[in-house]
Amino acid sequence: MGRLIRLLMGVAVAAGATVAWHPAVALGFTGFGATSADATYGVSMTFRVELEGGPPDRLELLLRMSGDDGLFVAPVQASGDGAQYVWDAADRHLTPNTRVTYAWRATDGGQVQVSPEGSLLYDDDRPGLDWRSTRLGEATVHWYGTAETIARGLGELAADGAANAEALLGHDMRGAVDIFVYDSQEDFFGALGPGAREWTGAATYPALRTIFMSLTSGDQAYRERTLVHEVTHVVFNDATDNPFHEPAKWLNEGLASWAESQSADAERSEVEFEASNDGLFAFEAIAEQFPIGERGARLAYAQSATMVDMIVAEHGRQAIAEIAAAYRDGASDSEALEAGTGQSAEELYAGFYAEFGVEAPQPVPPAPILPSDVRRPGADGGTQDGGPPATAAPGSGGDPAVRDEPVPWPALVAVVGGVAAVLGVAWAVTRRRTPGSEA
Ligand SMILES: [Zn+2]
């Protein structure tokens, strides 16, 4: 069929007719021709397919981004003997180093046909970034400009950090880690996209096996600590990966922080100080997210690293590998901790607080919700919003819920405080890391 169409098109061209005018399209969909894709970072990704016999009844582009289980399906309108889909990358940020797998799906006459898969690497190809790279152990480090010496040093450190984390977690990484070293703040934030916090000095995307480092934040010691921390997150992600849930955040961050110096010596004093003020967190409270405030976040990291240090000291390094193995099998946080230490989570937590001479934090009971003090229109003639109650004649009736009494400020403050706390937690969900730290 394809040969026939080409022959017909050749005749049409020879006869001086335009190809678009030729009735080849009317022959209908005969299968997919060549597919192609290209991308310009921060601008667009373009996917094309040739449809030699014309378009099918329905045409869709299927996209899968590395590290994402979801399938992106875009309906595409073909034009003539081809179709293209443009992803506006200026509008829809995509993290650089994302591998995009694509295929075209045609539904025609009740039949579904999918094209062979293609693959596109959405890399940071902005002008001026003349990337060079080298593989060092399990790390591939990428740099541009004059950063080669520093970048190679970071790459070696990352390779060592990965090997240490693999030994600790008893699990090999699924593949090398990519480290992109930016030596300008502007270039770095251009890679992270619009959601990055302005104090970020490094960012890790475990699912992409990618770490972005900025050479403009912190000194060399900070960058080295941060890199070991980040690469440990990647190994942890591989070592605990399961389809059910993410391991406790305190364990993930605690291990990464502990890995920086293979101890929690620097963090312990922070925990001691806060313990003396009865200010330690419950571990359940730092299992999902860390506080956004600097002091709370610092304590969360310190408490997490110290707990990991205690587990290693009391149960041996092997406990960490056994905890990770249990997560891979789908264990809950409590089950995983018990699999590694032989102690229940409650016993582990209790031991931690006993070490610092404090009682385990207890949940804050919810405050009762008092009857409404809101004045409602028509209840007693007053319609003001918020202000003090309008003077109402004694015994004038009205809604018994509307009281001509001063607003009970303590109760109101408690309720508003509760709402603020909930909003604070919701906000914390969106954050990554504290000032002076990495994401
Ligand atoms: Zn971290």
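Restricting segment 96-162 to GluC sites (Glu not before Pro) that sit in a DSSP loop and have at most 14 other Cβ atoms within 10 Å of their own Cβ leaves Glu117. Rounded to 0.05, the FRET efficiency of the Phe273 and Arg317 pair, given R0 = 25 Å and the Cβ-Cβ distance, is 0.35. Computed extension length for Thr216-Ala90: 42.9 nm, one decimal, from 0.36 nm per residue of separation with the Cα-Cα distance subtracted.
From the largest down, segment 208-342 spans 40, 39, 27 angstrom on the principal axes of its Cα atoms.
If you restrict to DSSP beta bridges whose two residues both lie in segment 127-241, what percentage is antiparallel, to the nearest 5?
50
How about segment 174-243: which trypsin sites (Lys or Arg not before Pro) there lie in a loop by DSSP and see at most 13 other Cβ atoms within 10 Å?
Arg174
Here the Kirkwood formula, the inverse mean of 1/r across different C-alpha pairs, assigns segment 127-241 a hydrodynamic radius of 14.0 Å.
Bear in mind these aren't lab numbers, they're just calculated from the coordinates by the rules spelled out. Since the structure is predicted, the reported quantities are computational estimates derived from the model, not experimental observations. Quick reminder, even Gly has a Cβ in these numbers, built from the backbone with ideal geometry, and neighbours come from all protein chains shown.
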